[in-house]
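Have a look at the structure below before the remarks.
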Amino acid sequence: SIGVMFRAFEIVRRKIGNVYLVMVGDCEVGQKYRSLFENIKSSVILEGAQPFDRVPFYLAAADCLLLPMEDNPIENARFPMRLGDYLCAQRPIVSNAVGEVKKYLDQYNAGLTSTHADSGELAENIIKVLDNDVISAKIALNARKLAENELNWNNVGETIVREVVQML
C-alpha cells in the first residue's frame, strides 16, 4: 500500500507542484520502495513516532488524510485504528480502501475511495480534494458525523448488545 501511495503522491506532485506528504509514525521505507521514495523525498516530511496527544495537531493541519490499504485477507477483515482518528479529525479522507473500511467510506460519503492498486485513481481523488473546497468540506463533515453517530462506541455497543439479545 505504501507503493501505491508513493506513486499517487508522485502524480499529485507533478500536477499540483507545491504539495507535501507528511508521514507520522514509524515510517521506515523498505528496500522495495526505496527508488519510489527517492523520486519524491524532497516533498516528504518524516515526522517519526509522536506522542499520542500530538497526533490530533498533525491531523488538523492536513489538507487531506491518506489511508493506503492492500487487498489481502487481513486488510479486508480489519478496521484500522487510525481510521477512527481520521473520522474524528473532520478532515477529508482519501483511500484505496477495501473491506469494511471501503463500505463505510462509500456508504456515508465519508471519504473518496479508489481501486486498491490504482495509483492514478488515488492521485485523482487526492487532487479532487485539494482542488475543491466544497467536496473537501462535505466529505470531512460526513466523516465526523460517521464518527459521532454510527461508529460512536456507545452506539456500537448498543447494537452489539441488541443483536446478541436477539440471538438468544
Exercise. Leaving ligands, DNA and RNA out of it, report the carbon-plus-sulfur percent of the accessible area of region 30-168 at a 1.4 Å probe.
Key: 54
Self-check item: Highest-MSF residue in the chain out of N155, N142, N125 [GNM, Cα springs under 10 Å]
Solution: N155
Exercise. Skip the ligands, DNA and RNA, and give the accessible area per residue of region 1-142 with a 1.4 Å probe, whole Å².
Key: 54
Quiz item: Rank M167, M5 by accessible area, highest first, at a 1.4 Å probe radius?
Solution: M167, M5
Quiz item: What 222 nm value per residue comes from the helices of the chain, counting each DSSP H run with n ≥ 4 as -39,500 (n - 2.57) and dividing by all residues, nearest 500 deg cm²/dmol?
Solution: -17000 deg cm²/dmol
Quiz prompt | Among E150, E100, E28, residue whose mean-square fluctuation peaks in a GNM of the chain (springs only between Cα atoms under 10 Å) | solution = E28
Quiz prompt | Pairs of lysines in the chain (C-alpha under 24 Å apart; 8 or more residues apart or interchain) | solution = 13
Quiz item: Hey, in the GNM for the chain with a 10 angstrom Cα cutoff, which one of A62, A97, A49 fluctuates hardest?
Solution: A49
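Which net charge results for the neighbourhood of A117, defined as the other residues with beta-carbon distances under 11 angstrom from its beta-carbon, given Lys and Arg at +1 and Asp and Glu at -1?
Details: positive: R7; negative: E70, D71, D118, E121.
Summing Lys and Arg as +1 and Asp and Glu as -1 gives -3.
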Quiz item: Measuring from centroid to centroid over Cα atoms, what is the spacing of region 48-62 and region 121-168 in Å?
Solution: 20
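Where the only charges are on Cβ atoms (+1 Lys, Arg; -1 Asp, Glu), what is the dipole of region 14-126 about its Cα centre, to the nearest 20 debye? Kindly include the intermediate steps, with their values, before the conclusion.
Numbers: 11 positive and 15 negative charges, 37 e Å.
That gives region 14-126 a dipole magnitude of about 180 debye.
The values are calculated or read from the model by the stated rules, or taken from the named source; none is laboratory data. Computed from a predicted structure; not experimentally measured. Reconstructed Cβ throughout: ideal geometry from the backbone, glycine too, with neighbour counts over all protein chains shown. Calculation scope for accessible area: heavy atoms of the full protein, side chains included, ligands and nucleic acids excluded. Shrake-Rupley method; radii C 1.70, N 1.55, O 1.52, S 1.80 Å.
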